[in-house]
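A short write-up of the structure that comes next.
Coordinate-derived values only; no laboratory data. All values derive from a computational prediction rather than experimental measurement. Heads up, the Cβs are rebuilt from the backbone with ideal geometry, glycines too, and the neighbour counts pull from every protein chain shown.
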Amino acid sequence: MNTEIYQKLTELAFKKSKPFCYHCYEVALTGVCKTCGSDDLMRLVDGVGCEYGTDWVVKHILETELKAVDLEESFEQTVRECFPETTTVGWREFDTVTLLKEQDPVSWCCALSDYESQEADEGNIVSFDRGTNYYWARDVEELIEREP
């Protein structure tokens, strides 16, 4: 996880949510509930809900503002750029990507995994949920920059 980007996303999460006292069920914009005096506050996102912490707000922002990377599609495109579009086997021509995926699915999965690791190591894609979803780093940075 890119901690610098995540820190900026956390700041954005604070901007897009409000402190909320669940006990009194009211917004506490000062950081302390005016009714009960508690500073043990949740974060509220209007129309979405409230919960402790900001991780869920970050997840919500990413899911609603960006499209997760389709690694399979991106890898296929890379393969198409690096290898001929068709491969001849005997007297027949086959789509190279389809041939690779169908004839050696284990090798395809290994290559896809290597592609994912390489893209993450180079900082092209980032994940904030241990690899369940990846986002293009440039898209996340643009999201952070365009928010006031």
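Tabulated data
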| quantity | calculated |
| --- | --- |
| Computed over the chain: relative contact order in percent, which uses C-alpha pairs under 8 Å that are six or more apart | 21 percent |
| Per DSSP, loop chymotrypsin sites (Phe, Trp or Tyr not before Pro) in the range 67-98 with at most 12 further Cβ within 10 Å | 91 |
| Neighbour-count order for 20, 14, fewest beta carbons within 10 angstrom listed first | 14, 20 |
| Entries in 67/101; 18/59; 8/59; 18/67 that, when Cα-Cα distance is taken, lie over 19 Å | 67/101; 18/67 |
| DSSP-assigned coil residues among GluC sites (Glu not before Pro) in the range 48-148, each with at most 11 further Cβ atoms within 10 Å | 85, 122 |
| DSSP loop trypsin sites (Lys or Arg not before Pro) with at most 16 other Cβ within 10 Å excluded, longest remaining stretch of the chain | 68-129 |
| Cα Rg, Dmax (largest Cα-Cα span) when computed across the chain, Å | 22.1, 81 |
| Nearest-ten-degree value, helix 137-146 long axis tilted from longest Cα axis of the chain | 30 degrees |
| Inverse of mean 1/r across different Cα pairs in the range 71-132, Kirkwood, Å | 12.9 Å |
| Kirkwood hydrodynamic radius of the range 1-63, from inverse mean 1/r over distinct Cα pairs, in Å | 12.0 Å |
| Gaussian network model of the chain, Cα within-10 Å springs - most flexible of 134, 115, 25 | 25 |
